[in-house]
Amino acid sequence: MTLDAKIPAGPLAEKWSKHKFNLKLVNPANKRKYDVIVVGTGLAGGAAAASLAELGYNVKAFCFQDSPRRAHSIAAQGGINAAKNYQNDGDSVYRLFYDTIKGGDYRAREGNVYRLAEVSVNIIDQCVAQGVPFAREYGGLLDNRSFGGSQVSRTFYARGTNRAAAFIRRLLRIKPPDTSWQS
Ligand SMILES: Cc1cc2nc3c(=O)[nH]c(=O)nc-3n(C[C@H](O)[C@H](O)[C@H](O)COP(=O)(O)OP(=O)(O)OC[C@H]3O[C@@H](n4cnc5c(N)ncnc54)[C@H](O)[C@@H]3O)c2cc1C
């Protein structure tokens, strides 16, 4: 069997941005004519479903648990790394790329990891817009911490234990579970 990740050709830093630019756009008026099936309702599927629906596509999201809130994503608790360099401690897209490749024992696909580092900056903004309750400093700015052995503080995190579940619920517009019977 051949494993083909179909990573676009070209220089490392341009592979995905060039590929994306070369894709044909869908006319906004035609988006509602497309049904998109998203399999999985963890953070990846949930965010994809919400983003596609926001763009105007008809989205159907599926999972195999009894509730989307049971996706493995609710276990995540450390936070999301992004090269925003809010702390002015020397972070950059290239440094996040380098740290991620090294952290993955040089086994990850470099083109995809570069893209991850590149879009990490926008993903935080997207998450905030979609309702992720990231921890904030007293003045209201997003807080960062150093996590996973990195020398810069680039981790955006949430305080509390059940934030990922709340995010998935919010993405997929699920009503919170009825716990009134417990009291
Ligand atoms: C304890 C713990 C802590 C972690 N901490 C962090 C952290 O701090 N930061 C970080 O970035 N990452 C962290 N991770 C990793 C992170 O949680 C996962 O990489 C991420 O949540 C995966 O998200 P996902 O949406 O791809 O998959 P999942 O959340 O696993 O969702 C998979 C979805 O696919 C569905 N599915 C699967 N098979 C089928 C099928 N056959 N038919 C239909 N649906 C199907 C499932 O129902 C589910 O909805 C942590 C992981 C764990 C376990």
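Residue by residue, here is whether (1) assigned to a helix (DSSP H, G or I); (2) away from the ligand (no atom under 13 Å from the Cβ) holds:
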{"position": "25", "(1), (2)": "no, yes"}
{"position": "32", "(1), (2)": "yes, yes"}
{"position": "48", "(1), (2)": "yes, no"}
{"position": "91", "(1), (2)": "no, yes"}
Among (1) more than 13 Å from the ligand (Cβ to nearest atom); (2) closer than 20 Å to residue 73 by Cβ; (3) of a type in the set (Val, Ile, Thr); (4) part of a loop (DSSP other than H, G, I, E, B) - the single one residue 152 does not satisfy = (2)
request  = Filter the stretch 1-23 down to residues that are out of contact with any His (no Cβ under 7 Å at 6 or more places or on another chain), assigned to a loop (DSSP other than H, G, I, E, B) and of a type outside the set (A, V, I, L, M, F, W, C), then give me how many there are.
outcome  = 5
inquiry  = Of everything in the stretch 82-94, what is in contact (Cβ under 8 Å) with a residue 60 or more places away in the chain and touching a helix residue (DSSP H, G or I) at 6+ places or on another chain (Cβ under 7 Å)? Give them in sequence order.
reply    = 82, 83, 84
message = What are the pairs with Cβ atoms under 8 angstrom where one residue, in the stretch 69-81, is within 15 Å of residue 132 (Cα to Cα) and the other, located anywhere, is within 6 Å of the ligand (Cβ to nearest atom)? Sequence gap at least six, or different chains.
response = 73/42; 73/43; 73/44; 76/43
remark   = Checked the stretch 101-149 for anything within 15 Å of the chain's Cα centre (by Cα), surrounded by 17 or more Cβ atoms within 10 Å (Cβ to Cβ) and assigned to a loop (DSSP other than H, G, I, E, B); matches are 132, 134
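Do we have residue 59 as surrounded by 13 or more Cβ atoms within 10 Å (Cβ to Cβ), free of Cβ contacts under 8 Å to residues at least 60 places away in the same chain and either within 15 Å of the chain's Cα centre (by Cα) or farther than 25 Å from residue 155 by Cβ (or both) here?
yes
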query = If you check residue 86 against the conditions, is it away from the ligand (no atom under 15 Å from the Cβ), of a type in the set (Phe, Trp, Tyr), assigned to a loop (DSSP other than H, G, I, E, B) and farther than 26 Å from residue 142 by Cβ?
reply = no
request  = Hey, can you tell me all the residues within the stretch 128-149 that are touching a helix residue (DSSP H, G or I) at 6+ places or on another chain (Cβ under 6 Å) and either at pLDDT 90 or above or within 13 Å of the ligand (Cβ to nearest atom) (or both)?
outcome  = 132
query = Of the numbered conditions (1) free of Cβ contacts under 8 Å to residues at least 40 places away in the same chain; (2) out of contact with any Lys or Arg (no Cβ under 7 Å at 6 or more places or on another chain); (3) farther than 16 Å from residue 123 by Cα; (4) surrounded by 14 or more Cβ atoms within 10 Å (Cβ to Cβ), residue 97 satisfies every one except a single condition; which is it?
reply = (3)
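The values are calculated or read from the model by the stated rules, or taken from the named source; none is laboratory data. Only a predicted model underlies this, so the values are computations on that prediction, with no experimental measurement involved. Glycine also receives a Cβ, built like all others from the backbone with ideal geometry; neighbour counts cover every protein chain displayed.
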